[in-house]
1. Restricting attention to region 5-24, does a residue exist that is closer than 20 Å to D85 by Cα and charged (D, E, K, R)?
2. Which of the residues that make up region 54-69 are at pLDDT below 95 and open to solvent by less than 40 Å² (accessible area, probe 1.4 Å)?
3. Take T103 and decide whether it is in a strand (DSSP E or B) and more than 13 Å from the chain's Cα centre (by Cα).
4. Go through region 1-59 residue by residue and tally those that are hydrophobic (A, V, I, L, M, F, W, C) and under 15 Å from F92 (Cα atoms).
5. Among the numbered criteria (1) open to solvent by less than 50 Å² (accessible area, probe 1.4 Å); (2) at pLDDT 95 or above, which one does N72 miss?
6. When region 1-51 is examined, which residues are found to be hydrophobic (A, V, I, L, M, F, W, C), modelled with pLDDT under 95 and part of a strand (DSSP E or B)?
7. Please work out which one of (1) charged (D, E, K, R); (2) at pLDDT below 95; (3) part of a loop (DSSP other than H, G, I, E, B) is the condition K83 fails and give its number.
Amino acid sequence: MSMLTSAAIQGYRDYTKRRVAYAQYKVDSEYHKTNIESVNITDDGTVEIAFKIELSSGSGTVTQVQLYDTDNQLWLSKTENLKMDSVVEGFFYVVQLDISEATA
């Protein structure tokens, strides 16, 4: 039995949309900060946060992606293994969050 209304769940989605501020990704041992390109809520209620992963030179492997809020607090950290063989390569990375109520 759900306790939260659909308006409450939507409020959490909207809150997330307002609070996500930037992303970081780790290439080898160095973190790179990048802007959020978009934050959208799909028709089924999934929050999609998109950002670009690009190298300024050479090649490397992205081993971690992170999202931070407007207070510079870490909200999400995910291990990855995205190989980039040249500077002309890049990724448009999308994090999908399903915000819903779960009962125990």
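The values are calculated or read from the model by the stated rules, or taken from the named source; none is laboratory data. Source: prediction; values computed, not measured. Neighbour counts run over all protein chains shown; Cβ positions are idealised from the backbone, glycine included. For the accessible areas, the whole protein counts, side chains as well, though only heavy atoms, and no ligand, DNA or RNA atoms are used. Shrake-Rupley method; radii C 1.70, N 1.55, O 1.52, S 1.80 Å.
1. no
2. L55, G60, T61, V62
3. Numbers: in a strand (DSSP E or B): no; more than 13 Å from the chain's Cα centre (by Cα): yes.
Answer is no for this residue.
4. Residues meeting the conditions: 8.
5. Of everything listed in (1) open to solvent by less than 50 Å² (accessible area, probe 1.4 Å); (2) at pLDDT 95 or above, N72 misses just condition (1).
6. V27
7. Only one criterion is unmet by K83, namely (3).
Per-residue answers, yes or no, for (1) farther than 26 Å from S6 by Cβ; (2) without any contact (Cβ under 8 Å) to a residue 12 or more places away in the chain; (3) touching a His at 6+ places or on another chain (Cβ under 8 Å):
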{"position": "E30", "(1), (2), (3)": "yes, yes, no"}
{"position": "S38", "(1), (2), (3)": "no, no, no"}
{"position": "G45", "(1), (2), (3)": "no, no, no"}
{"position": "Q64", "(1), (2), (3)": "yes, no, no"}
{"position": "T70", "(1), (2), (3)": "no, no, no"}
{"position": "T79", "(1), (2), (3)": "yes, no, no"}
{"position": "S100", "(1), (2), (3)": "no, no, no"}
